[in-house]
Amino acid sequence: MTSTQERLGDRRRGPVWARLDSIRRWSSRAPWVGFLGRRIAQGLVVVFGAVLISFVLVQLSGDPAEVLARGLLPDAQVRQLSHQLGYDRPFLVQFLDYFGRLLHGDLGQSFRYHQSAASLVLQALPNTGVLVVGAMVLASIVALAASTFSTLHRETPLDQLIRRVLIVAQGLPEYWLGLMLLMVFGAWARWLPVVGFSSWSAAILPVVTLAAPIAGVFTRLLRSQLLDQMQSDFVVALRAKGLTEREIVVRHALPNAMIPFVTYLALQLGWLVGGTIVVEAVFTWPGIGSLALAAVKTRDLQVIQAVVVVVAVVYVACSLAADLIVAAIDPRIRTGRSA
């Protein structure tokens, strides 16, 4: 009776209201849809904020035409160039024009390379992705092995040794570690190439340089989560059933500890895409960090803005992927008990 009255009421209020109400009832049966919608909306806000901040910072640096042509052209030609490029228009008009072009995939033209800024960033992004993904995989493998071993042998000399080594690795400056690896394995032993992306073996040293400090952070986080799980009531019940410590840690404690670990891993993946500048500079790696550094040196403002926008999009995509993975692991999010 109630559902019949609701349908009749929907018809009286019009088809649009009925459609919205049907969407609301459908989303109530699938709570993860609302969870995903909120995360997507938050990601769009982050990207818009990054676009706005990068645009404001470029504007604060002065008229881009004057920045690029100062000392190269007479003042009259500089003002003419500024007018042709539209840099003498009001701030709001310039931003709306830039944002409109951005929605169509136009990130501007590079003044240095005389080609699309988007194409330059997209060409460099896969090279950075090789380093980032390789470093995350290596750091995750080390963290899983070290944290599991450390939990099984907690408060033993081996546990203390592992923790101290990883604390030292976590505190190593990337530029120093990269230079040491370059000198030892490249210049002295000549085992690995040290410049550019000439072969896949050239990625080993920069990947290890990126992975070393991250492995320390990952291991400490995962070990802390495992120790919390080992103090839970369900672990006491599992011990009472006769399961060994290894079975408890690997089969039961580790999957539960992976939820915050996966979230942190995905966030670090997004941060690393924009944080590889030092490593790429040390190893002359043709990635997005080197492109950004060259753009800053040559004042290629369109490329700088393009790098900021792409890094923001990648970070939001990684964060959204982490939310989806956690929702798949944790049934409470799918049932609406956690969001």
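The values are calculated or read from the model by the stated rules, or taken from the named source; none is laboratory data. Quantities reported herein were computed from a predicted structural model and do not represent experimental measurements. Here Cβ is always computed from backbone atoms with ideal geometry, including for glycine, and neighbour counts include all displayed protein chains.
Overview of values
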quantity	calculated
Residue list for the range 262-280, filter: over 30 Å from Gln225 (Cβ atoms) and without any contact (Cβ under 8 Å) to a residue 24 or more places away in the chain	Ile277
Residues satisfying the stated conditions in the range 288-309, i.e. assigned to a helix (DSSP H, G or I), of a type in the set (D, E, K, R) and touching a helix residue (DSSP H, G or I) at 6+ places or on another chain (Cβ under 7 Å)	none
Filtered residues of the range 141-157 (kept if in contact (Cβ under 8 Å) with a residue 24 or more places away in the chain and not hydroxyl-bearing (Ser, Thr, Tyr))	Val142, Ala143, Leu144, Ala146, Leu152, Arg154
Qualifying position, being under 20 Å from Ile53 (Cα atoms), buried (at least 19 other Cβ atoms within 10 Å of the Cβ) and either of a type outside the set (D, E, K, R) or in contact with a helix residue (DSSP H, G or I) (Cβ under 9 Å, 6 or more places away or on another chain) (or both), among Val282, Val249, Val313, Val273	Val273
The range 100-129 residues that are crowded, with 17+ Cβ neighbours inside 10 Å, paired with ones that are among the small types (Gly, Ala, Ser) and assigned to a loop (DSSP other than H, G, I, E, B) (beta carbon under 7 Å, 6 or more apart)	Ala117/Gly108; Ala117/Ser110; Ala118/Gly105; Leu120/Ser110; Ala124/Gly287; Asn127/Gly287; Thr128/Gly287
Residue within the range 205-222 that is loosely packed, with under 14 Cβ neighbours inside 10 Å and small (Gly, Ala, Ser) present	no
Subset of the range 225-256 (residues that are touching a residue at least 60 places away in the same chain (Cβ under 8 Å) and of a type in the set (A, V, I, L, M))	Leu226, Leu227, Met230, Val249, Val250, Ala253, Leu254
Test result for Gln160, of a type in the set (S, T, N, Q), farther than 24 Å from Val282 by Cα and in contact (Cβ under 8 Å) with a residue 24 or more places away in the chain	no
Single residue of the range 145-192 satisfying the filter (surrounded by fewer than 17 Cβ atoms within 10 Å (Cβ to Cβ) and under 22 Å from the mean Cα position of the chain (by Cα)) that is nearest to Arg220 (Cα to Cα)	Gln170
Any hit, the range 214-227, residues being of a type in the set (Lys, Arg) and outside any helix (DSSP H, G or I)	no
Selection within the range 84-99 - of a type in the set (S, T, N, Q) and either in contact (Cβ under 8 Å) with a residue 12 or more places away in the chain or at positive phi (or both)	Gln94
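Table: residues versus (1) part of a helix (DSSP H, G or I); (2) at pLDDT 80 or above; (3) among the aliphatic types (A, V, I, L, M).
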position	(1), (2), (3)
Thr148	yes, yes, no
Val165	yes, yes, yes
Gln170	yes, no, no
Met180	yes, yes, yes
Ala187	yes, no, yes
Val207	yes, yes, yes
